[in-house]
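S.K.: Take this structure, written in structure tokens, and hold onto it; I'll ask about it next.
The values are calculated or read from the model by the stated rules, or taken from the named source; none is laboratory data. Just so it is clear, the structure is predicted and the values come from calculations on it, not from any experiment. Methodologically, a virtual Cβ is constructed for each residue, glycine included, from the backbone with ideal geometry; neighbour enumeration extends over all protein chains shown.
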Amino acid sequence: MSSSEIEPDRFAAPRDGRLTAAMRDAYEHDGFLILEDFVAPAACATLIAHTRRLVEAADLSQVATIFSTTTVEHAADEYFATSGDKVRFFFEAGAFDADGRLNRPKELALNKIGHAMHDLDPAFDAFSRTPKLAALVGTLGIARPLLLQSMYIFKPQGIGGEVVCHTDSTYLYTEPMSCVGLWFALEDATLENGCMWALPGGHRAPLKSRFRRQADGSLGYDVYDPAPIAADGAVPLEARRGTLILLHGQLPHLSGPNRSAKSRHAYTLHVIDGACRYLPDNWLQRAPSLPLRGF
């Protein structure tokens with residue numbers, strides 16, 4: 001990851017959510033779009049407070065799944081593999097001591113919560129399904145938008161883990177590809193606390209791999225191009241609280257570790273087009289009792 005002097009285009013969020021022609025052009029050119037003040041600070045604070053209560057109420061004494069994009073050991077864990085239609089908690093690698101015990105309070109030890117809060121939790125449902133978001137997605141040409149996955153990302157102070165350069169369609173694949181990410185800054189995301197970086201125009205390159213359920217039932221990658229995604233040329237997407245960053249599913253993006261004294265809470269939704277084919281060997285699967293829904 002190298003710093004760039006290129007400053008990404010930023011736009012004031014449209015009041016009704018509908019993207020202008022200039023916004024759509026920027027998204028199609030760069031593969032991302034930064035919309036400032038899309039969500040009111042009070043709504044961000046409400047979701048943070050609600051999540052804090054969820055963590056306080058959760059019994060995590062038997063949960064030890066660590067989520068890390070640098071080791072992907074979680075891929076062998078059934079707790080992760082069956083989380084597509086659940087609300088489950090995942091820890092940071094730095095949250096445990098040599099004896100496997102938490103070395104800090106659980107609210108400062110979590111990497112994320114996933115992956116179906118938008119359908120199972122009323123507060124997340126209300127945040128995720130608004131006329132403004134529906135209008136925004138409606139301007140992207142998605143015929144039948146469906147909310148596939150949600151993640152609350154903590155990026156805790158001191159131990160927030162690195163997220164290696166990746167594309168979302170590697171994990172959330174449809175034919176043809178249709179995945180779009182909606183990333184909300186619930187707290188300020190800065191260079192110091194591990195903001196996102198993205199590779200402008202990188203969404204035009206083909207996928208290098210696909211993460212799916214293998215024939216033996218395990219989760220793993222089909223690799224089409226073993227060369228890693230080059231992060232040279234990536235630009236930082238610093239975002240103040242309330243900003244929405246729209247991410248093309250094929251856009252290479254990443255974030256560094258958070259070694260600062262400030263957390264970087266964010267919430268992410270992933271949308272796919274129900275008119276496209278969602279493959280049965282995708283890692284994220286749902287029970288028929290919890291079908292995908294739109295806005």
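S.K.: Looking at Phe211, Phe295, which is the one that is modelled with pLDDT of 95 or more and in contact with a Lys or Arg (Cβ under 6 Å, 6 or more places away or on another chain)?
M.R.: On inspection, the qualifying residue turns out to be Phe295.
S.K.: Of all residues in region 229-253, which are farther than 24 Å from Ile48 by Cβ, in a strand (DSSP E or B) and of a type in the set (A, V, I, L, M)?
M.R.: Val235 - this is the single residue of region 229-253 that is farther than 24 Å from Ile48 by Cβ, in a strand (DSSP E or B) and of a type in the set (A, V, I, L, M).
S.K.: Would you please name the residue that is surrounded by the fewest Cβ atoms within 10 Å (Cβ to Cβ), looking only at residues in region 1-52 that are of a type outside the set (Asp, Glu), assigned to a helix (DSSP H, G or I) and touching a strand residue (DSSP E or B) at 6+ places or on another chain (Cβ under 8 Å)?
M.R.: Here the residue is Ala22.
S.K.: Do we have any residue at all in region 100-123 that's under 30 Å from Ala21 (Cα atoms) and at pLDDT 95 or above?
M.R.: The answer is yes, given that some residue of region 100-123 is under 30 Å from Ala21 (Cα atoms) and at pLDDT 95 or above.
S.K.: Here is a further query. So which pairs qualify, if the first residue must be in region 49-64 and under 15 Å from Tyr267 (Cβ atoms), the second must be of a type in the set (Phe, Trp, Tyr), the Cβ gap must be under 6 Å, and the two must be at least 6 apart or on different chains?
M.R.: Thr51/Tyr152
S.K.: Then there is this: It is to be established whether one or more residues within region 166-185 are of a type in the set (D, E, K, R) and either surrounded by 20 or more Cβ atoms within 10 Å (Cβ to Cβ) or in contact with a Phe, Trp or Tyr (Cβ under 6 Å, 6 or more places away or on another chain) (or both).
M.R.: Yes, region 166-185 contains at least one residue that is of a type in the set (D, E, K, R) and either surrounded by 20 or more Cβ atoms within 10 Å (Cβ to Cβ) or in contact with a Phe, Trp or Tyr (Cβ under 6 Å, 6 or more places away or on another chain) (or both).
S.K.: Same structure again: Being of a type in the set (D, E, K, R), without any contact (Cβ under 8 Å) to a residue 60 or more places away in the chain and surrounded by 12 or more Cβ atoms within 10 Å (Cβ to Cβ) is the filter here; which residues of region 220-244 pass it?
M.R.: Asp222, Glu238
S.K.: When the residues of region 95-113 are narrowed to those that are of a type in the set (A, V, I, L, M) and assigned to a loop (DSSP other than H, G, I, E, B), which ends up nearest to the chain's Cα centre (by Cα)?
M.R.: The selected residue is Ala109.
S.K.: Have a look at Ala143, Ala126 and point out the one that is out of contact with any Phe, Trp or Tyr (no Cβ under 9 Å at 6 or more places or on another chain), free of Cβ contacts under 8 Å to residues at least 60 places away in the same chain and among the aliphatic types (A, V, I, L, M).
M.R.: Only one candidate qualifies: Ala126.
S.K.: Within region 219-265, work out how many residues are within 18 Å of the chain's Cα centre (by Cα) and hydroxyl-bearing (Ser, Thr, Tyr).
M.R.: 3
S.K.: Further, regarding this structure: Residues of region 155-173 being of a type outside the set (D, E, K, R) and either in contact with a Lys or Arg (Cβ under 6 Å, 6 or more places away or on another chain) or assigned to a helix (DSSP H, G or I) (or both), which ones?
M.R.: Gln157, Ser169, Thr170, Tyr173
S.K.: Which residues, taken from region 53-68, are in a loop (DSSP other than H, G, I, E, B), more than 19 Å from the chain's Cα centre (by Cα) and not hydrophobic (A, V, I, L, M, F, W, C)?
M.R.: Asp59, Ser61, Gln62 - these are the residues of region 53-68 that are in a loop (DSSP other than H, G, I, E, B), more than 19 Å from the chain's Cα centre (by Cα) and not hydrophobic (A, V, I, L, M, F, W, C).
S.K.: Tell me which residues, restricted to region 194-219, are outside any loop (DSSP other than H, G, I, E, B) and surrounded by fewer than 16 Cβ atoms within 10 Å (Cβ to Cβ).
M.R.: The answer is Arg204, and nothing else.
S.K.: Please work out which residue is farthest from Leu251 (Cα to Cα), limiting yourself to region 1-32 and to residues that are touching a His at 6+ places or on another chain (Cβ under 9 Å) and not charged (D, E, K, R).
M.R.: Looking at the filtered set, the residue picked out is Tyr27.
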